[in-house]
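Input: a single structure, listed below in structure tokens.
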Amino acid sequence: MTLLSSLFSLLSFYLFVQWRGGARKWYAVLSLAAWLLAVGSKENAFLLPLSFVAYEFLFTDRRFFRVKNLATLLIIFMCLAGFTIKRYDLVNKIEIDYSRREFSMKERLLTQPRIVTFHISQLLAPFPSRLALRHEIEKSTSWFAPPTTILSLLFLGTLLGVGLALRSRQPLICFGIWWFFANLLVESTFLPLEMIYEHRIYLPSVGLFLALAQVVVVLKRRTQISNKHLQYAFSLLILCSGVLSFLRNQDWRDEISLWSDNARKYPASFRSWNNLGTAYIKGGQTALAEKAFQRALESQPDYPPARVNLAILWKNEGKVEEAYSLIKDFRETKIGTFSAEIYYNMGAIFASKGILDWAIFHYVQAVNRLPDYPEAHFNLALVYRRAGKKVEARQSFQRFLDYWRGPSNSPFVADAKSSIQELAIQ
């Protein structure tokens, strides 16, 4: 999503620049279409027009900034913002999403300057040891806790101030810095998203590298560095980047190598260990998966996904008592949202222990998420029959038959048909 959104955003901006440079008006239409595709790919492209405004201010005659045009732009933006807020009930959704997070809005706003500063350092020094699919970062609880919070804020403020100060003498540097910050506004401010992901810096990094490239141009003019020396320097930079990319790609060979790398860099990350365990399950390495899930629970004993995954693993190995001990205290509010398959397996654990109401609850959750899940309908029917709910059992058996795509002579099909007849008679 991020790569597609970045592609269409850059295309939209390129077409916009061509149109403002004298190209035909249909370039403006294509620019608008590309922007809509960017927003459709990922919502963080919504604020790309801020970069259009900056370009108009820095590189054109500023005729666009007439009161009429500004009023029109403001009305369009307010209408789009109002529609988005009402359509997606954003205010309520933000409150709900923060209630599920491990941080508050204040903590997120305080932590983001440190994260953005860290991302800038990654762009300047992208060593594999500093890259991870999922970073774990300490929350900032005040401007001075940790102290790097205020330092990062001062650094970013200085960077933005330098950009604004150079708007007349070096508009390209100013624009690059503006682009960097403007394209971080959606994902690095108050919205209740995860704290940190490297892909958020893809599109903003274009502006930072643009500013750095212009800095090189200015330095070349003032120091009279020869083109030959610059060619050597950039050739070496490209070579080093290629080597670093090759080394980092080794961690992306498969899910196991990727999450092993993440767990090695953040050994206290219960999410990384849980995801590594899931990768081991897919690879058929159940012993290693069990160890990974246990490491996740050592870091966070109440982490639901790891408890559920380990319970399912033990259930499949016949350790029903051990599996039940992990999930017996779960309630709907603690479980969260899992896949249909996970609810199916949890239903099987409760059914094996004779806890029929919870078995029914989890099987129902499974078929609600995946209506054409025949095995879940069949097991739900069995539990309904054990609970004496004959009508529900007959309906579930019928749904099993409706969704079954296996061989018609399967014993499950025969069992379902005979059960429907028996329940109808009763």
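When only the Cβ of Lys, Arg, Asp and Glu is charged (+1, +1, -1, -1), the dipole of the stretch 177-235 relative to its Cα centre reaches about 560 debye. Extension gain, residue 130 to residue 244: 0.36 nm times the residue separation minus the Cα-Cα distance gives 39.9 nm. Set the Cα radius of gyration of the stretch 35-152 against 2.2 N^0.38 Å, with N its number of residues, and you get 1.40.
Which FRET efficiency, nearest 0.05, do residue 17 and residue 268 yield, Cβ-Cβ r, R0 41 Å? Can you show the working numbers first?
Values: r = 47 Å, r/R0 = 1.14.
About 0.30, to the nearest 0.05.
Kirkwood radius for the stretch 82-138, taken over all pairs of different Cα atoms as the inverse mean of 1/r, rounds to 13.9 Å.
For the pair residue 252 and residue 162, label points projected 7 Å from Cα toward Cβ lie 2.9 nm apart. The helix-based estimate of mean residue ellipticity at 222 nm for the chain, built from -39,500 (n - 2.57) per DSSP H run of four or more residues and divided by its residue count, is -23500 deg cm²/dmol to the nearest 500. For residue 94, the solvent-accessible surface computed with a 1.4 Å probe is close to 30 Å², ligands and nucleic acids excluded.
Separation of the stretch 136-198 and the stretch 237-268, taken as the distance between their Cα centroids, equals 26 angstrom.
With all protein chains present, how much of the accessible area of the stretch 1-92 (probe radius 1.4 Å) comes from carbon and sulfur, to the nearest whole percent? Whole-percent figure for carbon plus sulfur exposure: 71. With both labels modelled 7 Å from their Cα along Cα-to-Cβ, the residue 402 to residue 357 distance reads 2.8 nm. The packing ranking, built from the mean of other Cβ atoms within 10 Å per residue, places the peptides 285-297, 50-62 in the order 285-297, 50-62, highest first. Under a model in which nothing but the beta-carbon of Lys, Arg (+1) and Asp, Glu (-1) is charged, the chain shows a dipole of about 1560 debye around its Cα centre. Using 0.36 nm per residue and subtracting the Cα-Cα separation, the extra length available between residue 77 and residue 320 on full extension is 81.8 nm. Could you work out how far helix 171-182 tilts from the main Cα principal axis of the chain, as a 0 to 90 degree angle to the nearest 10? On a 0 to 90 degree scale, this one is about 20.
Quick one: accessible area per residue over the chain, 1.4 Å probe, rounded to a whole number of Å²? Write out the running numbers ahead of the final one.
Values: 24120 Å² over 426 residues.
With the other protein chains kept in place, the chain gives 57 Å² per residue.
Ranking 311, 408, 370 by how far each Cα lies toward the positive end of the dipole of the chain (charges on Cβ) leaves 370 at the top.
How high is the relative contact order of the chain, in percent, with contacts defined as C-alpha pairs under 8 Å that are six or more residues apart?
Working: 443 pairs, mean separation 37.8, N = 426.
About 9 percent, as a whole number.
For a label point 7 Å from the Cα of residue 372 along Cα→C-beta, name the residues of the stretch 386-404 whose backbone N is under 17 Å from it. Residues 399-404 fall inside that zone. When nucleic acids and ligands are ignored and a 1.4 Å probe is applied, residue 384 ends up with an accessible area of around 30 Å².
Within 10 Å, Cβ to Cβ, of residue 275, how many net charges do the neighbouring residues add up to if Lys/Arg are +1 and Asp/Glu are -1?
Values: positive: 134, 271; negative: 255.
Once all neighbours under 10 Å are counted, the net charge is +1.
Shown is the FRET efficiency for residue 43 and residue 425, computed with R0 = 45 Å from the Cβ-Cβ distance and rounded to the nearest 0.05: 0.20.
Of the options (i) 60, 50, 47; (ii) 91, 48, 44; (iii) 81, 53, 43, only one is Cα extents along the principal axes in Å as computed from these coordinates, and that is (ii). May I ask you to list the aspartates and glutamates whose Cα is less than 12 Å away from that of residue 42, ignoring any residue fewer than eight positions away on the same chain? Cα-Cα hits under 12 Å: 187.
Arrange the residues 1, 78, 195, 105 by how much accessible surface each exposes, largest first, with a 1.4 angstrom probe.
Numbers: 1 150, 78 120, 195 20, 105 75 Å².
Greatest to least solvent exposure: 1, 78, 105, 195.
Here the simple spin-label model places points 7 Å from the Cα toward Cβ, and for residue 123 and residue 95 these points are separated by 3.7 nm.
Legend: residue pairs 139/328; 291/328; 265/319; 319/390, Cα-Cα distance threshold 23 Å; pairs beyond threshold, 139/328; 265/319; 319/390.
The values are calculated or read from the model by the stated rules, or taken from the named source; none is laboratory data. Every value quoted in this text rests on a predicted model; they were computed, and no experiment measured them. Positions of Cβ are generated from backbone atoms using ideal geometry, with glycine treated the same way; all protein chains shown enter the neighbour counts. When the accessible area is computed, the model is the full protein with side chains, heavy atoms only, and any ligands, DNA or RNA have been set aside. Shrake-Rupley method; radii C 1.70, N 1.55, O 1.52, S 1.80 Å.
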